[in-house]
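**Q** Have a look at this one.
The values are calculated or read from the model by the stated rules, or taken from the named source; none is laboratory data. In this text, all values refer to a predicted model and were calculated from it rather than measured experimentally. Neighbour counts are summed over all protein chains in view; Cβ atoms, including those assigned to glycine, are modelled from backbone coordinates with ideal geometry. Surface areas here come from the heavy atoms of the whole protein model, side chains and all, with no ligands, DNA or RNA. Shrake-Rupley method; radii C 1.70, N 1.55, O 1.52, S 1.80 Å.
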Amino acid sequence: MSDYATTTAERLKARLDAGDIPYMIDVREDDEVAYGMIEGAVHIPMGQIPARLDEIPRDREVVFICRSGNRSGRVCDYLSQLGFDRTVNLEGGMLAWESL
């Protein structure tokens, strides 16, 4: 069992549409985000997460995004081991988002 929450593309979109904007971090690589990101998301490639921990808020929910939800899930797992307790993985990632 994971120590982080998950959300669906549908739930995230409903929140964004309602003006409830969570902090979002897209962990895909530069060439992937060149095709588009969820508006308002910050780009920190997965491999840079350990060196950029100070950029990740601990006091609020943070939604992590990747292509399919696998890498962002690994990032959430890693951060939960470091004591981050408000991480949320976007299930299905950008593939699910783009299918909305």
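**Q** When the residues of the stretch 69-92 are narrowed to those that are of a type in the set (Ser, Thr, Tyr) and within 11 Å of the chain's Cα centre (by Cα), which ends up farthest from Thr6 (Cα to Cα)?
**A** Ser72
**Q** Does Glu32 meet the test of being crowded, with 16+ Cβ neighbours inside 10 Å, assigned to a helix (DSSP H, G or I) and acidic (Asp, Glu)?
**A** Here the answer is yes, as Glu32 does meet what is asked.
**Q** Between residues in the stretch 15-29 that are open to solvent by less than 10 Å² (accessible area, probe 1.4 Å) and residues that are modelled with pLDDT of 95 or more and among the hydroxyl-bearing types (Ser, Thr, Tyr), which pairs lie under 7 Å by C-beta distance while being six or more apart or on different chains?
**A** Going by the 7 Å Cβ cut-off, the qualifying pairs are Val27/Ser72.
**Q** Quick one: is Asp3 touching a residue at least 24 places away in the same chain (Cβ under 8 Å), of a type in the set (Asp, Glu) and assigned to a helix (DSSP H, G or I)?
**A** no
**Q** So, one more: List pairs: first in the stretch 55-73 and farther than 10 Å from Val88 by Cβ and part of a loop (DSSP other than H, G, I, E, B), second at pLDDT 95 or above and of a type in the set (Asp, Glu), Cβ under 6 Å, 6+ apart or cross-chain?
**A** These pairs meet every condition: Gly69/Glu91.
**Q** Give just the number: which of (1) of a type in the set (Phe, Trp, Tyr); (2) touching a residue at least 24 places away in the same chain (Cβ under 8 Å); (3) part of a loop (DSSP other than H, G, I, E, B) does Tyr78 not satisfy?
**A** The failed condition is (3).
**Q** Hey, can you tell me all the residues within the stretch 70-87 that are aromatic (Phe, Trp, Tyr) and either open to solvent by 20 Å² or more (accessible area, probe 1.4 Å) or within 10 Å of Ile25 (Cα to Cα) (or both)?
**A** Listed by number, the list holds a single entry, Tyr78.
**Q** I'd like to know if the stretch 57-69 contains one or more residues that are open to solvent by 80 Å² or more (accessible area, probe 1.4 Å), closer than 21 Å to Lys13 by Cβ, touching a helix residue (DSSP H, G or I) at 6+ places or on another chain (Cβ under 9 Å) and of a type outside the set (Lys, Arg).
**A** No; the residues of the stretch 57-69 include none that is open to solvent by 80 Å² or more (accessible area, probe 1.4 Å), closer than 21 Å to Lys13 by Cβ, touching a helix residue (DSSP H, G or I) at 6+ places or on another chain (Cβ under 9 Å) and of a type outside the set (Lys, Arg).
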